[in-house]
1. What number of residues within the range 88-101 are open to solvent by 10 Å² or more (accessible area, probe 1.4 Å) and either free of Cβ contacts under 8 Å to residues at least 12 places away in the same chain or in a helix (DSSP H, G or I) (or both)?
2. Out of curiosity, is Leu244 under 18 Å from Ser384 (Cα atoms), touching a residue at least 12 places away in the same chain (Cβ under 8 Å), part of a helix (DSSP H, G or I) and open to solvent by less than 10 Å² (accessible area, probe 1.4 Å)?
3. Would you tally the residues in the range 30-55 being over 22 Å from the mean Cα position of the chain (by Cα) and either farther than 18 Å from Tyr11 by Cβ or not in a loop (DSSP other than H, G, I, E, B) (or both)?
4. If Ala129 meets every condition in (1) at pLDDT 95 or above; (2) within 30 Å of Trp56 (Cβ to Cβ); (3) of a type in the set (A, V, I, L, M, F, W, C); (4) open to solvent by less than 40 Å² (accessible area, probe 1.4 Å) apart from one, which number is that one?
5. In the range 13-41, which residues are in contact (Cβ under 8 Å) with a residue 60 or more places away in the chain and within 18 Å of Ile383 (Cβ to Cβ)?
6. Quickly run through the range 315-372 and pick out the residues that are part of a loop (DSSP other than H, G, I, E, B), over 30 Å from Ser114 (Cα atoms) and at pLDDT 90 or above.
7. Are there any pairs, at least 6 apart or on different chains, whose C-beta atoms fall under 7 Å, with the first in the range 61-81 and hydroxyl-bearing (Ser, Thr, Tyr) and the second surrounded by 13 or more Cβ atoms within 10 Å (Cβ to Cβ), and if so, which?
8. What single numbered condition from (1) open to solvent by 10 Å² or more (accessible area, probe 1.4 Å); (2) closer than 29 Å to Asp180 by Cβ; (3) at pLDDT below 90; (4) not β-branched (Val, Ile, Thr) fails to hold for Gly300?
Amino acid sequence: MATGHPPLELYDPGFHADHHAAYARMRKEHGPVIPVMLEPGVEGRLVVDYALITAWCRDERTFSRDARRWRDWREGRIPDDSSLLGMMGHRPNALFSDGEAHRRVRRAMVDSLSPFEPGRVGAEARSVAERLVDGFCARGEAELMEEFARPLPLLVMNGMFGMDHESGRRFFTALRDMWDGVDAERANAELERVLSAHIDRKRTHPGDDITSTLMRHRAGLSDEEVLQHLVLMVGAGHEPSAALLSNSVRVLLTDRALGDDLAGARTGIDEAIERVMWSAPPVTNYPVMYPVRDVEVPGGAVVPEGTPVLLGFAAANRLLAEEYADRLDDAPNRAHLAWGVGAHRCPAKDIATAIAVAGIEVLIRRLPGLRLGVAPDELSWRISPFAHALTRLPVAFTPQAPEEEGTPWTPSDSAQETSTPRRQSSEKPVQSSLSSFLVRLLRGR
């Protein structure tokens, strides 16, 4: 293996400024598996080849998702305050399990999601999006990350999971910090405090929501398993959904060909999002696998047992898309890896897509002349080893009168729970409970 370039530092702002160029450079030198640094002093490998990711994800004998196999952690070289542990530390949920244990808890997840089919979620997302746009449409400008892309999935999923107003805001504020490795130990503790109180409320007042379904599922999940699956399901549903929405808006506003196709009805919004998934997926280098023995890589390199192997979906998608550009441009193609592959493929991909499609539909309809508020090269990126997402997305448009009174959403800085639990009736549909919650939120109550 060549050694001219040092490991790729996934926490380096320079890497995030042009991550695809870095992937291509490292692949040229190292082949399909490149050495990376996850944080200073913590090494891993990143798979950047489509075929190899697909093969390794399906090889459950050689690769495990159980983070307790992480050799550096096992042998005490990962400090307890590492920024990586919020995303890579073992949790008793489907993301970190294998075989029959994984199938048991995944079935509980799939069953709890089944009532929330994409059409239902999309209708709710459109309703929420309309009210969010009311909060800023008269100004002629907005910061879409904080005012739209983040609160939209938050509000939709609060209803799906039966969370109250303040708990949802505290959860998502902590979740964002955990994704970015900002005081990850504190952020993880906050997540677990919020969810533990939420589970206690649902034990007393169950409802027609995902949390209650998980708690009573025949798989018999413990309270800890329910809590950690809420971390997985709500976490995987919110931050990636917000990034998918903002990345899609950015591409639509900067890729003239795609924007023209959408404006001319040659491409639908759902098809445009699939094209964005090839070039700008929200999750770039996650989740993580661990070889149970030393694994030889094509070209002669070896990945030692217990090494974190990150799944480089963004790099693999981009490289394959460039190789087969003529075919991928001719028709919609959903063969990208953005939702994972194999037994751990995301079970909520249709829900996340429905939220993004609904959000973009509302933005296009309600905000004529929508355009970036800054030059494309002035946009800034979050510094996360696992994701490629914007910190801000300023836009401008022709001012419009709101359809209903609304005020901007802001994240919570609350350190303790202040909301009063409300009884959740199993007879109440998500539409009415979420609409009531949304009105209170938008009017500052």
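The values are calculated or read from the model by the stated rules, or taken from the named source; none is laboratory data. Remember, predicted model here, so these are calculated numbers, not experimental data. Positions of Cβ are backbone-derived with ideal geometry, glycine not excepted, and every protein chain shown enters the neighbour counts. Please note that ligands, DNA and RNA were not included when accessible areas were found on the heavy atoms of the full protein model with its side chains. Shrake-Rupley method; radii C 1.70, N 1.55, O 1.52, S 1.80 Å.
1. Residues that pass the stated criteria total 5.
2. Working: under 18 Å from Ser384 (Cα atoms): yes; touching a residue at least 12 places away in the same chain (Cβ under 8 Å): yes; part of a helix (DSSP H, G or I): yes; open to solvent by less than 10 Å² (accessible area, probe 1.4 Å): yes.
The answer is yes for Leu244.
3. Quick first cut of the range 30-55, residues over 22 Å from the mean Cα position of the chain (by Cα) only: 30-35, 40-43, 51-52, 55.
With either farther than 18 Å from Tyr11 by Cβ or not in a loop (DSSP other than H, G, I, E, B) (or both) added as a condition, the list becomes 30-35, 42-43, 51-52, 55.
Total satisfying the criteria: 11.
4. Exception for Ala129: condition (2).
5. Once the filter is applied, which keeps residues that are in contact (Cβ under 8 Å) with a residue 60 or more places away in the chain and within 18 Å of Ile383 (Cβ to Cβ), the range 13-41 yields Pro13, His16, Ala17, His19, His20, Tyr23, Val36, Leu38, Glu39.
6. If the condition is that a residue be part of a loop (DSSP other than H, G, I, E, B), over 30 Å from Ser114 (Cα atoms) and at pLDDT 90 or above, then Leu367, Pro368, Gly369, Leu370 are the ones that fit.
7. That search, which allows pairs on different chains as well, returns Thr62/Pro291; Thr62/Val292; Thr62/Val295; Ser64/Asp98; Ser64/Met289; Ser64/Tyr290; Ser64/Val292.
8. Result: Gly300 fails condition (2) only.
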